[in-house]
Amino acid sequence: MDIFVGNLPGKTSVLELRKLIGTVSSGRFRILRTRINGKSYCYGHAALGSSQPGHDIISRLDGLEFRGSHLHARPFLHRSDQHERRCLKMFSSRWSGVNRRRGE
């Protein structure tokens, strides 16, 4: 099971995320940082082996206060390219000749 942990403080390390998750024998952990409109966001992704400890970890972490921030935990959702606006399939139909930006 993959877990998303959001609203992490900006200086959070992978070791701190591993300690938050707890004693999991195997798994991959990573911290992702992004900047949108001048505001920085930090979130974590943990890929665990089985789903049962994952649900327990999510219920324990969701709403937990960590260094002044209330964490958000949920199952990690993998996004596919077919729902992206940049997907090549979006432009598979022919252009209808109408330019919506100019109001024609």
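Just so it is clear, none of the values below were taken in a lab; they were calculated from the coordinates. The model shown is predicted, which means the values in this text are computed figures rather than measured ones. Here the Cβ is made from the backbone with ideal geometry for all residues, glycine too, and neighbour counts use every protein chain on show.
Residue separation times 0.36 nm, minus the C-alpha to C-alpha distance between H55 and T23: what's the value? Walk me through the numbers before you get to the answer.
On the way: separation 32, 0.36 × 32 = 11.52 nm, distance 1.42 nm.
Going from the current span to full extension adds 10.1 nm.
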> Between R74 and R33, what is the FRET efficiency for a Förster distance of 25 Å, r being their Cβ-Cβ separation, to the nearest 0.05?
Replying inline: 0.85
